[in-house]
């Protein structure tokens with residue numbers, strides 16, 4: 001009986017340990033590179049324009065997906081084949097993300113699991129993180145089977161900064177969106193991963 005209890009306890013402990021994620025490694029990290037993940041062209045077609053229906057059909061024929069956004073406009077979107085960033089967006093990325101240190105200090109005491117779902121877990125981690133002149137005494141760690149996300153600070157809609165990592169707890173990336181306006185009715189949105197190590 002004691003042997004069975006010991007084996008059960010050992011298996012339970014191993015299962016509990018298996019669900020604990022790899023927390024971010026302490027250290028100093030800086031942005032080293034960035035990748036354009038996605039570029040999407042958006043065209044707004046006002047319903048009051050001449051040949052409105054034909055313009056929508058022409059865009060659909062060109063591979064755009066269109067949907068009504070309001071009673072007065074239809075928005076059509078299409079993924080761009082090439083994702084070349086305009087120079088001013090490159091400069092904005094360099095100014096906003098490069099040259100800043102992401103400082104992750106030691107975990108002060110055990111993290112607390114706040115959500116334990118089948119495909120999603122969340123932890124409150126008492127680990128100080130500093131970035132862009134701000135210090136965060138703890139953060140939320142959001143975990144799925146594919147990615148872990150540090151959420152630093154709180155805003156009305158989420159967090160001030162998000163940093164993702166996967167199997168390597170010493171390589172992080174933040175996903176940002178930038179927009180190139182081409183006209184009042186046309187713009188390109190870029191999804192960009194800024195990589196820290």
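Every number here is computed from the coordinates shown, using simple stated rules; none is lab data. Computed from a predicted model, the values in this text were never measured in an experiment. Every residue, glycine among them, receives a Cβ derived from its backbone with ideal geometry; neighbour counts consider all protein chains shown.
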Considering the stretch 74-113 alone, what residues qualify as being surrounded by 17 or more Cβ atoms within 10 Å (Cβ to Cβ), closer than 23 Å to residue 158 by Cα and within 21 Å of the chain's Cα centre (by Cα)? 93, 97, 102, 104
Could you count how many residues in the stretch 77-113 are out of contact with any helix residue (DSSP H, G or I) (no Cβ under 9 Å at 6 or more places or on another chain), within 30 Å of residue 57 (Cβ to Cβ) and not in a loop (DSSP other than H, G, I, E, B)? 2
